[in-house]
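Working notes, structure below.
The values are calculated or read from the model by the stated rules, or taken from the named source; none is laboratory data. It should be emphasised that the depicted structure is a prediction, and the values quoted were computed from it without experimental measurement. Cβ placement follows ideal geometry from the backbone for every residue including glycine, while neighbour counts extend to all protein chains displayed. Each accessible area value is taken on the protein alone, full model and side chains, heavy atoms only, with ligands, DNA and RNA left out. Shrake-Rupley method; radii C 1.70, N 1.55, O 1.52, S 1.80 Å.
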Amino acid sequence: MPTYAELQAEIAQLRSEMLRYLPLINKAEQYRHTWDFLTEGTGIATANGYRAALGQEKRQ
């Protein structure tokens, strides 16, 4: 079982990766056809959930 410090390090790494992809996600969302193609079958309607997850993690 991972330690608290290991989990915190993993969270930081995942958040960093999410932030790295956010500009790409924002750009893709501007083009409906591209967004539909990329998110087909994922249950993702908009990038708002992605941005909300980043905001929620930041508040914790």
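At-a-glance table
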quantity: Matching residues in the stretch 26-42 - criterion: being open to solvent by 80 Å² or more (accessible area, probe 1.4 Å) and not aromatic (Phe, Trp, Tyr); calculated: LYS27, GLN30, ARG32, HIS33, LEU38, GLU40, GLY41
quantity: Selection status of ALA53, surrounded by 10 or more Cβ atoms within 10 Å (Cβ to Cβ), among the aliphatic types (A, V, I, L, M) and assigned to a helix (DSSP H, G or I); calculated: yes
quantity: Condition check for THR3: surrounded by 10 or more Cβ atoms within 10 Å (Cβ to Cβ), on the phi < 0 side of the Ramachandran plot and of a type in the set (S, T, N, Q); calculated: no
quantity: Close pairs (8 angstrom Cβ cut-off, 6 or more residues apart or separate chains): more than 16 Å from GLY49 (Cα to Cα) in the stretch 1-23, modelled with pLDDT of 95 or more anywhere; calculated: PRO2/GLU10
